[in-house]
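One structure is given below, encoded as structure tokens.
The values are calculated or read from the model by the stated rules, or taken from the named source; none is laboratory data. What you are looking at is a predicted structure, and each value in this text was computed from that prediction instead of being measured. All Cβ positions, even for glycine, are placed from backbone atoms using ideal geometry, and neighbour counts span all protein chains on display.
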Amino acid sequence: MAIHDFWRGMLVALSATTISPLAFAQSTTQSDAPALPAAAQTEQLPSATSAAANCSCGRVYQLSLEEARCRTLQNSIIMELATTNIEAKCHAVEAAEKDYLPKLLNSFSYFHFDSDLGTVLTTPGIINPAVTKVVPVINQDAATYAAAAIQPITPLAKVHAAVEITSADVGAAKAEKQLARRELTKGVEQLYFGLLATRKIQATLREAAAGADQMVKATNSSDAKIAFVQVQQGLVTVNAQAANLQEQLNQLVSLPPCTELILLDPPTPQNPFECPDEAVNAAVASSPKICEARMLVEKAEGAVHLANADYLPSVNAYGFYVNQTATPTIQDGFTGVGLSASYLLEWGKKNDTLRQYKATEVLARQNLQKEIQDVQLTTIKAFNETTRTQQAFDYAQQLVTLNREAKMPADPFQLKFAIKDRLDSEVGVLKADVDYRTAIIELRSLSGCCE
């Protein structure tokens with residue numbers, strides 16, 4: 001994330017800049033180094049204040065990492081959109097499944113003519129004379145009601161293919177929601193640990209600023225004043241970054257922007273896997289991207305089945321009932337059953353459509369293999385990065401312990417470099433901790449351990 005890259009770069013900058021070692025002189029030399037002489041006069045220099053201190057709302061909220069995850073997922077618009085998308089795809093499946101059932105048709109018509117339509121001439125036989133009778137073919141008032149049930153037979157193959165396609169869309173939508181959940185969880189964890197690390201840097205710089213201020217009062221030297229100003233500059237940057245991260249975290253967890261967060265520092269996480277193979281297997285089994293690619297393969301297969309169904313003739317069965325007053329020559333009410341079959345020739349269009357869908361299926365399968373390979377490579381890289389950062393963090397902790405246990409030299413020139421080494425180690429362990437936590441978050445997100 002861009003946020004992580006920013007404050008990680010800030011840590012590197014802090015460790016590389018010449019925030020003079022005199023900044024830590026007061027806090028690190030009280031027990032190990034001799035006291036420095038005081039000057040006759042001292043100059044008052046400006047102090048940096050935290051941006052959060054200027055907030056007048058005074059709201060304070062204690063937030064744990066688990067609560068931050070829950071609040072982010074519960075209040076995320078992205079999760080709401082993903083849920084709505086799944087519901088829409090499920091309705092599409094239900095609509096497609098309805099085509100398995102027969103269609104029920106009800107129809108009523110009424111016509112009024114200016115007179116009866118048509119006559120019929122009847123001849124009773126050879127013996128009796130011919131008799132002409134006026135019988136209307138269609139009555140002047142003609143009403144007809146028809147009820148029919150139409151059951152598709154061969155079109156059921158198309159219905160089954162349509163259900164396969166819409167079901168694959170549901171699976172893809174669920175995979176997208178799972179991916180969004182992982183990204184949100186990973187993002188809020190990185191933001192949480194980023195704010196924690198920034199506040200630790202704040203504490204370190206405040207301690208350095210206090211030491212530098214004491215050095216200015218004790219020596220009133222130019223080096224001490226420069227050191228104090230440099231520390232104040234760094235503190236202003238860190239305060240601004242802390243305020244920015246806190247505002248972003250407040251927005252994610254749906255708290256007022258000016259809320260002052262009290263974060264609980266969770267224990268350092270451990271690598272849940274012993275070897276890369278375990279991590280790769282877990283990642284492939286739970287990857288939302290692979291799941292979505294599989295759904296695309298199923299959707300392509302359904303499209304091929306749909307194209308094959310076009311080769312079948314359209315056969316439908318009918319059952320109907322008619323009640324009419326339009327024609328007096330037939331009974332008013334009658335029922336019947338029927339069967340219809342039709343076939344449409346389209347000059348090779350069905351063949352071209354089938355070839356298109358088969359090519360799409362091949363592409364979908366190749367994309368699935370590509371997604372599996374990408375997840376495998378990404379997981380191996382994340383596992384190796386976790387191992388590397390864990391080792392770097394262990395060494396950084398050892399370096400801090402050794403620097404704290406080392407006795408400060410009495411020589412002022414050597415003391416300057418000793419304090420700088422201690423400051424660098426303090427900042428370095430914070431950077432190593434951030435890198436390790438970030439690598440663990442990435443590995444857990446890829447393998448599905450965060451769900």
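Overview of values
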{"item": "Residue satisfying condition, being within 19 Å of ASN271 (Cβ to Cβ), part of a helix (DSSP H, G or I) and of a type in the set (Lys, Arg), within set LYS420, LYS381", "result": "LYS381"}
{"item": "Qualifying residue in the stretch 271-281 (condition: in a helix (DSSP H, G or I) and among the hydrophobic types (A, V, I, L, M, F, W, C))", "result": "yes"}
{"item": "Set ALA148, ALA162, ALA175: member being at pLDDT 95 or above and under 30 Å from PRO266 (Cβ atoms)", "result": "ALA175"}
{"item": "Selected residue (criterion: modelled with the highest pLDDT) from residues of the stretch 295-327 that are among the polar types (S, T, N, Q), within 30 Å of GLN140 (Cβ to Cβ) and surrounded by fewer than 17 Cβ atoms within 10 Å (Cβ to Cβ)", "result": "ASN323"}
{"item": "Considering residues of the stretch 343-369 that are loosely packed, with under 13 Cβ neighbours inside 10 Å and of a type in the set (D, E, K, R) only, the residue farthest from ASP169 (Cα to Cα)", "result": "GLU346"}
{"item": "Within the stretch 75-99, tally of residues that are of a type outside the set (A, V, I, L, M) and either free of Cβ contacts under 8 Å to residues at least 60 places away in the same chain or more than 24 Å from ALA172 (Cβ to Cβ) (or both)", "result": "7"}
